[in-house]
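What follows is a set of notes on a single structure, which appears directly below.
The values are calculated or read from the model by the stated rules, or taken from the named source; none is laboratory data. Because the structure is a prediction, the values reported are computed rather than measured. Positions of Cβ are backbone-derived with ideal geometry, glycine not excepted, and every protein chain shown enters the neighbour counts.
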Amino acid sequence: MANWETVVVETDLLICGGGFSACGAATEASYWAKKKGLKVTLVDKAAVDRSGAVAMGLSAINQYVGVKDGENTLEDYVRYVRQDLMGVSREDLVYNIARHVDSTVHLFEKWGLKIWKDEQGKYVHEGRWQLMINGESYKIIIAEAAKNAIADAGGEIIERVFIVDPLLDGNRVVGAVGFSTREDKFYVFKAKAVIAGMGGAVHVFRPRSVGEGFGRSWYPPFNSGSSAYFTIKAGAEMTCQEVRFIPVRFKDAYGPVGAWFLLFKSRAVSAEGGDYMTTHKEVLQNYAPYGLVKPIPANLRNYLGMIDVDAGLGPLYMETAEAIQNIAAQYKDDPKAFKKKMKELESEAWEDFLDMTISQAILWASQNVKPEEKHSEIAACEPYFIGSHSGASGAWVSGPEDLPTPYKWGYANMTTVEGLFAVGDGSGASSHKFSSGSHAEGRIAGKQAVKFIVEKGQAPKLDMAEVEKLKERILKPLDLWNKHKDETTDPEINTNYVVPRQYLHRLQKLMDEYAGGVVSAFKTSKALLERGLELMALLKEDSDKMAARNHHELMRVWENIQRTWQAEAHIRTLLFREETRWPGYYFRADTPKMDDKNWLCFANCQWNRQSGEWKMMKKDIWALPGA
Ligand code: SFD
Ligand code: AMP
């Protein structure tokens, strides 16, 4: 076995991940931990300042309820999420996040984030729930607050350590193992409670960007399903594993569309079919009541565009020029004011990308796009797993203490495994939390995890023989490489191993063709999924044969294995739910209709740590009283 040092870190609370939810958890937990003399340790595979989905920055805060100004009620937000997720959401969790999110946003502002204000000093809204920000440094600001809080409480931040597996004592989490991506060090974390905040997953499906563009995606390439893998492997019940997210984005560089639709009030059209939201309006009747209320759910908006694409009426376009002209038109009688407004809109259009998807600005520049003169192509992306946005996959977590929710087994945001909490993209069925809501959810879980430690914390009992086995398995790819690399002239072609990229292509091909990726126009069926599972079993056998030539590739190996578990949970749940509830995200060709009678419920799954079997379950939906 590779001769790596084992570093043991003892802590009370372990926070896995350093993104928005983890920073929220660290900020809040440190405050309470300091009072109780407890230690908080945060571990990120990258550098917290620029890690996760918000690495490049964002141009909007997508969840702000505005309770203090009487703009909306918490129940309004619960209804919005219920509607957008076609009736399937954990209303207790959505409510809990909504009631904490405004104060989180106010903290962001206090920490230095620039939120746009109008002449009256009120926040500038992009849409009903969204606020415009100067967000290039969004992540750094939020990271700084988390780092300060941890330092103040005497905690620790460990960067560039990739968390792989949870450690368990029966049904109680007692820590985690991981490895340094820079040094020959294997880490063992002993903890009384653990928060999984390692984001969602990308590159489970073959991306549109292949060849020279490989790696480019809407969702950040850094998140590879670590939260899902961690909670599944711990034996936690999972939910909404079928609810992937497919955003529509500016084509090929994945620039966001929210500002165009909401702030600029732009239309999207297909080249031959016109405004698909109008021409296919009657289709929405099939998805009543969700299809009939504004805003129309994200998946249905996708679906109406896909109808034209399937009919060969594409490409789809965002009518940027028309939208800009429409806004500037109010100044048409004053040429100077008109020119000034046009300049302002033009710079806002570019800034929207420069704040969060710089490559889209580069692509526009390289293709000579002037948004004020010419429309721009948009397309549905490959599927991602991001339960904090408009997908819903994640762990099934306990609801808040004070609500009469039936889903409650102790501490808010705790999974079905004692002491293991999940947040952000790691917790399911509580979509539309975005950056601000994920941070708020992290704060909720951080406080609850400290409470758990105070009330139920136990010295973690670790089976060191088990840990040693894990170390051997986790470092095996390095051994495989060293043992066999000289056997062939091209070290990437070898009968004893596959390199991570080869394995990744195989996983992506499988998912794309059998589980409804871009190549299959997001369509799948029972037969395809069953065949996909057969191939998945063979792929999993070969996951043991991945080789790594260095630290970086070792991380690639484990990212791939984690993606594979996310993929399997996805296929199994697509198979279980015999209806098409989210057309536009995926279509079950053999059960093409929405079936409220049988399937207005959560589809949950759980992997059994002893038997290795998966169990599939239906869970009832609970509606928040008054919403
Ligand atoms: O609109 C390990 N999101 C947007 N939210 C907004 O509020 N406004 C926007 O403008 C947003 N836009 C947007 C958004 C997302 C993306 C991808 C784009 C654009 C291109 C959503 C938010 O970003 C999202 O909701 C939150 O970031 C979710 O928070 P969280 O904590 O669940 O995930 P994270 O921030 O990505 O952090 C993950 C962390 O885990 C680390 N990590 N650490 C240790 N071991 C491992 N094995 C690990 N694996 C991962 C990561 O390094 C990171 O620290 S809009 O355009 O859609
Ligand atoms: P996006 O850039 O697509 O991630 O969107 C940013 C925010 O705007 C999210 O809260 C979306 O749910 C919302 N959004 C985007 N497009 C629309 C639309 N056409 N109608 C209503 N809400 C939208």
Across (1) in contact with a Leu (Cβ under 8 Å, 6 or more places away or on another chain); (2) within 12 Å of ligand 1 (Cβ to nearest atom); (3) at pLDDT 95 or above, Ala392 clears everything bar (2)
Within the stretch 284-336, how many residues turn out to be polar (S, T, N, Q) and free of Cβ contacts under 8 Å to residues at least 12 places away in the same chain?
2
What is the residue count in the stretch 543-571 for residues that are over 19 Å from Arg206 (Cα atoms) and part of a helix (DSSP H, G or I)?
5
Within the stretch 108-116, identify whether any single residue is within 14 Å of ligand 1 (Cβ to nearest atom), within 25 Å of Gly17 (Cβ to Cβ) and either in a loop (DSSP other than H, G, I, E, B) or under 22 Å from the mean Cα position of the chain (by Cα) (or both), and answer yes or no.
yes
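Considering every residue within the stretch 229-242, establish whether at least one is under 21 Å from Ala361 (Cα atoms) and either within 16 Å of ligand 2 (Cβ to nearest atom) or in a strand (DSSP E or B) (or both).
Within the stretch 229-242, the subset under 21 Å from Ala361 (Cα atoms) is none.
No.
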Just need a number here: residues in the stretch 452-466 that are buried (at least 18 other Cβ atoms within 10 Å of the Cβ) and in a helix (DSSP H, G or I).
2
Criterion violated by Leu304 - all others in (1) more than 16 Å from ligand 2 (Cβ to nearest atom); (2) within 30 Å of the chain's Cα centre (by Cα) satisfied:
(1)
Residues in the stretch 142-181 that are touching a strand residue (DSSP E or B) at 6+ places or on another chain (Cβ under 7 Å) and in a strand (DSSP E or B) total 21
Can you tell me which of (1) crowded, with 24+ Cβ neighbours inside 10 Å; (2) within 12 Å of ligand 1 (Cβ to nearest atom) is the one Val243 doesn't meet?
(2)
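Per-residue answers, yes or no, for (1) within 24 Å of Pro592 (Cβ to Cβ); (2) of a type in the set (Lys, Arg):
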{"site": "Lys233", "(1), (2)": "no, yes"}
{"site": "Ala236", "(1), (2)": "no, no"}
{"site": "Cys240", "(1), (2)": "yes, no"}
{"site": "Arg244", "(1), (2)": "yes, yes"}
{"site": "Ala253", "(1), (2)": "no, no"}
Would you be able to tell me the number of residues in the stretch 76-101 that are assigned to a helix (DSSP H, G or I) and more than 16 Å from ligand 2 (Cβ to nearest atom)?
7
Cβ-Cβ under 6 Å, sequence separation 6+ or interchain: first residue in the stretch 103-120 and in contact (Cβ under 8 Å) with a residue 24 or more places away in the chain, partner outside any strand (DSSP E or B) and not hydroxyl-bearing (Ser, Thr, Tyr). Which pairs?
Thr104/His439; Thr104/Ala440; Trp111/Ile141; Trp111/Ala145; Gly112/Ile141; Leu113/Ile141; Ile115/Glu109
Filter the stretch 54-68 for residues that are within 16 Å of ligand 1 (Cβ to nearest atom) and on the phi < 0 side of the Ramachandran plot and give the result.
Val54, Ala55, Met56, Leu58, Ser59, Ala60, Ile61, Asn62, Gln63, Tyr64, Val65
Does Ile142 satisfy being away from ligand 2 (no atom under 16 Å from the Cβ), β-branched (Val, Ile, Thr) and either surrounded by fewer than 23 Cβ atoms within 10 Å (Cβ to Cβ) or over 20 Å from the mean Cα position of the chain (by Cα) (or both)?
no
State all residues of the stretch 123-137 that are touching a residue at least 24 places away in the same chain (Cβ under 8 Å) and either assigned to a loop (DSSP other than H, G, I, E, B) or near ligand 1 (Cβ under 10 Å from one of its atoms) (or both); if no residue qualifies, say none.
Glu126, Gly127, Arg128, Trp129, Gln130, Leu131, Met132, Ile133, Gly135, Glu136, Ser137
Taking Ser430 as the residue in question, decide whether it is among the polar types (S, T, N, Q) and in contact with a helix residue (DSSP H, G or I) (Cβ under 6 Å, 6 or more places away or on another chain).
yes
Picking from Glu10, Glu75, Glu71, the residue that is within 25 Å of Leu167 (Cα to Cα), away from ligand 1 (no atom under 16 Å from the Cβ) and surrounded by fewer than 24 Cβ atoms within 10 Å (Cβ to Cβ) would be Glu10
Mind listing just one residue for me: the one in the stretch 595-627 that is more than 19 Å from Tyr407 (Cα to Cα) and charged (D, E, K, R) and, of those, farthest from the chain's Cα centre (by Cα)?
Lys597
Restricted to the stretch 384-411 and to residues being surrounded by 24 or more Cβ atoms within 10 Å (Cβ to Cβ) and among the aliphatic types (A, V, I, L, M), the residue nearest to ligand 2 (Cβ to nearest atom) is Ile386
Of the criteria (1) part of a helix (DSSP H, G or I); (2) within 14 Å of ligand 1 (Cβ to nearest atom); (3) β-branched (Val, Ile, Thr), which one Val194 fails
(1)
Which ones in the stretch 262-283 are touching a residue at least 60 places away in the same chain (Cβ under 8 Å) and either within 16 Å of ligand 1 (Cβ to nearest atom) or touching a Lys or Arg at 6+ places or on another chain (Cβ under 9 Å) (or both)?
Leu262, Leu263, Phe264, Ala268
